Amino acid sequence: HLNNRFTLFCLSKYLCSPQPICSSAFLLFCRLTRPPFLPASSPTETLMDSTTATAELGWTVYPWEEVSGYDENMNTIRTYQVCNVFDNNQNNWVRTKYIRRRGAQRIHVEMKFSVRDCSSIPNVPGSCKETFNLYYYESDADTATRTSPAWMENPWIKVDTIAADESFSQVDLGGRVMKINTEVRSFGPVSRNGFYLAFQDYGGCMSLIAVRVFYRKCPRIITNGASFQETLSGAESTSLVAARGVCIPNAEEVDVPIKLYCNGDGEWMVPIGRCMCKAGNEAVENGTVCRGMFCCESRRLVRV
């Protein structure tokens, strides 16, 4: 009963508002309405993964260096590194190849990287940094050159400044201690056919170890007697994308038109309505099938 009251509150606020409500507090509250039978896992679709490269990545550098490196499991991978900490006014960029968005409206970027502790570098100037910037640039086609788009904010759109939770020192290098940071950022809405990512170093000593680009989606499910198709998450992290359910065979819709909402994390939430098995059928296999119960044959009841 408490879960039903939460659901009614969320629906009244979301559906009756002149404008859709897209606040983090609202989604956090409505997350309580996700019944236990809805999957909490969020499937993802990878658009680009640098660790799968079997040869050079061939990204455009200005002037990072591509080298062979190792991940946290000591597997050989292709990485990009830069370390011009003794020169002031650094502006070093590396740009990925063109990435097609394949219908996604919000893009997620997982970055694995290591950063040298500035204080562990002897005689390093005060301009040494332990952060870098993440940018993206949308385009309908792969038209970039070595000089276009220009290596600067605007035309590039900044996503965030990325800081390391852990940095390494000369002592760590001597002991072959790997201190790899993992950060995930997202951006949207995106509407062009594809985009580029760029990473800007402005005075650090770091290695970009792995980059994975992906989007989230809500999986195909059967719940409340209805089937819901796979649905891409919305353009904003707080978006709710409505999906219309279709009654499973031998079921019919009752109450209100049946819907689910796919949130920005690729989770189904806020169920509305339901389908019930038609007369003469019963729900089996956890409510995913409506099976005929009985029919008449030679004056005796036979289960179908």
(message) Looking at the structure I just gave you, is V82 in contact with a Cys (Cβ under 9 Å, 6 or more places away or on another chain), under 22 Å from P149 (Cβ atoms) and either modelled with pLDDT under 90 or not aromatic (F, W, Y) (or both)?
(response) yes
(request) Would you mind stating whether C295 is over 30 Å from the mean Cα position of the chain (by Cα), at pLDDT below 90 and part of a strand (DSSP E or B)? (result) yes
(request) May I ask you to verify whether R95 is closer than 26 Å to G58 by Cα, surrounded by fewer than 14 Cβ atoms within 10 Å (Cβ to Cβ) and of a type in the set (K, R)? (result) no
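Might you let me know whether segment 246-268 holds any residue that is within 30 Å of G126 (Cβ to Cβ) and within 20 Å of the chain's Cα centre (by Cα)?
Among the residues of segment 246-268, not one is within 30 Å of G126 (Cβ to Cβ) and within 20 Å of the chain's Cα centre (by Cα), which makes the answer no.
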(message) Could you check segment 65-78 and list, in sequence order, the residues that are modelled with pLDDT of 95 or more and either among the hydroxyl-bearing types (S, T, Y) or not in a strand (DSSP E or B) (or both)?
(response) none
(request) Tell me, please, whether a residue that is crowded, with 16+ Cβ neighbours inside 10 Å, closer than 30 Å to R216 by Cβ and not aliphatic (A, V, I, L, M) can be found in segment 115-129. (result) no
(message) For segment 100-109: of the residues being buried (at least 17 other Cβ atoms within 10 Å of the Cβ) and part of a strand (DSSP E or B), which is nearest to the chain's Cα centre (by Cα)?
(response) H108
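The values are calculated or read from the model by the stated rules, or taken from the named source; none is laboratory data. Keep in mind the model is a prediction, meaning the values are calculated, not measured. Note that each Cβ is placed from the backbone with ideal geometry, even for glycine, and that neighbours are counted across all protein chains shown.
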